[in-house]
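Just so it is clear, none of the values below were taken in a lab; they were calculated from the coordinates. Everything numeric in this text was worked out from a predicted model, so none of it was measured. Every residue, glycine as well, gets a Cβ built from its backbone with ideal geometry; the counts of neighbours run over all protein chains shown.
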Ligand SMILES: [Zn+2]
């Protein structure tokens, strides 16, 4: 997500002069390129509408556009070497600005000439040449974050300029562009920031492409469309090994070298399992997000989880890690993970909502009201999906 911060800057006298001079030079160039556009348009129009002979006049060159006007800047720097004092990308913004202004006007102009062609009711006036002091801002379209350290910002061709930092830029923000603006009360920089923590939703995001997932008793995940993702065999085996390694340590005498050895072995085993599990979590998250745009999960309540779910199976180990990997991946891909209230997801009938109490050993959900009969994990996953769809709707409506 893009956002912007503005800071007042305190350039030295010399730096302020440089900024002023840059703005003036950009203003000249802006007026010149805009005039080129007008000239061509006026001449070209009359040649077509009125006098075909004028077409043979040598003044009629290629129509000025962004690319040839941008290319002309190279010659400009040869003819007027003082333009080399402006950062090249800053200078290139001028033909861009001219292009945008001119096209906006042309569009409005064409619309005006059509009998009832007012598309959106807006008419742009003829672009004006800018008078002294009316060109107020220039932009560095690429900026490295390390060019803004503490209260100093490094502006190419201007220098290290002092910034009044009234608030810090959060670490998760990337600086994309920097604009320098001259206002009545002094100079400012506007930083366009990319907030990596709140990325946008991908353009073809489909909120109906949603899945609910539940921690399975035997399977790692049961999805609302009845797919089961099983933890890799190695992982399950290693987890059993871990338990025996732990028991081995407790059998050995405290301080003995055999105990130390066993502890080391256990530590290595732990690391191996952690790595494998993490790898499995990444792969599972990728597989889910490749298929679905929204994944609904139960809100993690560590205390409650410890009592009910954690004891349920070895799959619970690392469920929190998996959800956080999944959430991160979803955010980066412009997809969504929705956390829902876990209360009663395994009791409620996914068809009629009737609460059907059942002990953990009861593998099936059999509803006495609507006679739905399905695996308890699948029933829970469908409830999670339904709650997720509901929650998502509320989220999308409020944003
Ligand atoms: Zn039912």
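Between residue 85 and residue 171, what is the FRET efficiency for a Förster distance of 45 Å, r being their Cβ-Cβ separation, to the nearest 0.05?
Numbers: r = 34 Å, r/R0 = 0.76.
So the FRET efficiency works out to roughly 0.85.
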Practice problem: Can you grab the distance from the C-alpha centre of segment 144-162 to the C-alpha centre of segment 241-301, Å, no decimals? | Solution: 46
Exercise. Please find the FRET efficiency linking residue 394 to residue 67, where r is the Cβ-Cβ separation and R0 is fixed at 41 Å, and quote it to the nearest 0.05.
Key: 0.30
Self-check item: Relative contact order of segment 210-398, pairs being alpha-carbon contacts under 8 Å that are 6 or more residues apart, as %
Solution: 30
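If we sort 249-255, 63-69, 223-229, 180-186 on the protection proxy, mean other Cβ atoms within 10 Å, highest first, what's the order?
The densest-packed peptide leads the list: 223-229, 63-69, 180-186, 249-255.
Can you give the % of DSSP beta bridges in segment 210-398 that are antiparallel, to the nearest 5? Kindly include the intermediate steps, with their values, before the conclusion.
Values: 9 of 17 bridges.
In segment 210-398, DSSP labels about 55 percent of beta bridges as antiparallel.
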Exercise. Please arrange 365, 354 by counting, for each residue, the other beta carbons lying within 10 Å of its beta carbon, fewest first.
Key: 354, 365
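Report, as a whole number in µm² per second, the diffusion coefficient that Stokes-Einstein gives for segment 345-399 at 37 °C and 0.692 mPa s using the Kirkwood radius over alpha carbon pairs. Each step should come with its number before you reach the end.
On the way: Rh = 11.8 Å.
Using the Kirkwood radius from Cα pairs, D works out to 278 µm²/s.
Could you list 364, 25, 397 in order of exposure, starting from the residue whose Cβ has the fewest other Cβ atoms within 10 Å? Don't skip to the end; give the middle numbers.
Values: 364 12, 25 20, 397 7.
The fewest-first ordering by Cβ neighbours comes to 397, 364, 25.
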Quiz item: Zone of residue 12 (label point 7 Å along Cα→Cβ, backbone N under 13 Å): which residues in segment 144-187?
Solution: 158-162
Exercise. Determine, for each peptide in 200-206, 286-292, the mean count of other beta carbons within 10 angstrom over its residues, then list the peptides with the highest first.
Key: 286-292, 200-206
Quiz item: What list do you get for 352, 375 if you sort them by fewest beta carbons within 10 Å?
Solution: 352, 375
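Per the Kirkwood treatment, what hydrodynamic radius in Å, one decimal, follows for segment 140-275 from the mean inverse distance over all distinct Cα pairs? List each step's numbers first, then the result.
Working: mean 1/r = 0.0465 Å⁻¹.
Hydrodynamic radius (Kirkwood, Cα only) of segment 140-275 equals 21.5 Å.
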Quiz prompt | Amide N of segment 220-256 lying under 17 Å from the label point, which is placed 7 angstrom from the Cα of residue 375 along Cα→Cβ | solution = 220-233
Exercise. For segment 210-398, state what percent of all Cα-Cα pairs lands in each successive 10 Å bin, counting from 0 Å until the bin that includes the largest distance.
Key: 9, 32, 31, 17, 8, 3, 0
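I need the peptides 141-147, 275-281 ranked by packing, meaning the mean over residues of other C-beta atoms within 10 angstrom, with the highest value on top.
Details: 141-147: 13.7, 275-281: 16.0.
In decreasing order of mean packing, 141-147, 275-281 become 275-281, 141-147.
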